[in-house]
Amino acid sequence: MTRLDEAAWPSIPSQPLLLVPLGSTEQHGPHLPFTVDAVIAEAVARSAGERIGAVVAPVLAYGSSGEHQQFAGTLSIGQDALRLLLIELVRSARTWATRVVLVTGHGGNAPVLSEVVPTLRAEGHDVAWLGLGVPGGDAHAGRVETSLMLHLAAQLVGAFSGVAGSTEPLAALMPQLQSGRLLEVSPSGVIGDPTDATAAEGATILRALVDDVVARIELNTVGQRGELRRPS
């Protein structure tokens with residue numbers, strides 16, 4: 001693996017695969033930092049990059065996070081800015097990288113990726129994207145993300161006893177989230193319950209996420225929205 005944040009240009013291999021981790025700067029409850037999505041996306045991209053010999057870009061720590069804007073500290077660049085940023089970033093990368101995979105740790109980036117990546121592919125660019133998710137996991141700042149952060153950056157995790165938020169299925173909450181009313185859904189900013197989160201579970205989840213990313217990259221089957229599909 002080659003990390004762009006540590007490398008000089010002569011060390012970049014010829015026509016590499018480039019992984020670009022995408023995150024956000026948004027509230028993650030009263031116990032987790034604003035950088036959760038960026039930390040997780042970067043960790044997964046680097047671990048996957050080590051396994052498949054990719055170049056890994058610095059994480060993009062800003063995304064489309066309008067649903068969290070009612071919480072102080074959230075910094076969202078919105079869909080229009082993210083759209084333009086990703087288009088220009090991929091066009092630039094493709095002058096030296098044979099293939100680009102965008103790895104997003106923030107679900108709010110998915111609508112833009114679903115629009116931008118097919119457009120870029122129509123231009124002839126070998127680019128795809130994938131999101132990070134745990135089947136059956138909670139949605140935001142709950143057990144999954146808290147466990148991952150306990151494993152990756154425990155010093156950034158605060159007390160999480162009694163901070164559980166709404167545990168309704170995400171689909172039921174989506175209309176309010178899409179209209180930017182997360183505060184009404186969960187005053188704490190948490191969707192899920194972090195009560196039983198552990199660092200050990202975080203390590204297990206991280207391995208599963210990396211395995212999934214590697215498998216999808218190696219399979220290289222791209223769906224209509226530009227996403228890398230999972231092996232059947």
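Quick note: the coordinates plus some simple rules give every number you see, no bench work behind them. What you see is a predicted model; the values in this text were computed from it and never measured. Please note: Cβ atoms are built from the backbone with ideal geometry, for glycine as well, and neighbour counts cover all protein chains shown.
Using only the Cα atoms of the range 79-140, what semi-axes does the equivalent ellipsoid have when each is the square root of 5 times a gyration tensor eigenvalue? Give whole Å, largest first.
Semi-axes (√(5λ), whole Å): 23, 13, 9.
Given only helices, namely DSSP H runs of n ≥ 4 each adding -39500 (n - 2.57), what is the per-residue ellipticity at 222 nm of the chain, to the nearest 500 deg cm²/dmol?
Per the formula, -12500 deg cm²/dmol.
Summing Lys, Arg as +1 and Asp, Glu as -1, what charge do residues with Cβ under 9 Å from the Cβ of GLN70 carry, GLN70 excluded?
-1
Which of MET149, MET174, MET1 comes first, and how do the rest follow, when ranked by fewest Cβ neighbours within 10 Å?
By the 10 Å Cβ count, ascending: MET174, MET1, MET149.
If you count, for each residue, the other Cβ atoms within 10 Å and average over each peptide, how do 95-106, 126-137 line up from highest to lowest?
95-106, 126-137
Assigning unit charges at the beta carbon (Lys, Arg +1; Asp, Glu -1) and nothing else, what dipole magnitude in debye, to the nearest 20, does the chain show about its Cα centre?
Numbers: 15 positive and 23 negative charges, 119 e Å.
For the chain, the charge dipole is close to 580 debye.
What is the percent of Cα-Cα separations in the chain that go past 21 Å?
In whole percent, the long-distance tail amounts to 55.
Going by how many other Cβ atoms sit within 10 Å of their own, how do ILE12, ILE40 line up, fewest first?
Going from sparsest to densest Cβ surroundings: ILE12, ILE40.
What number comes out for the charge environment of ILE12, summing +1 per Lys or Arg and -1 per Asp or Glu over other residues with Cβ under 15 Å away?
+1
Trypsin sites (Lys or Arg not before Pro) within the range 157-232: which are DSSP loop residues with at most 16 other Cβ atoms inside 10 Å?
Hits after loop and neighbour filter: ARG181, ARG225, ARG229.
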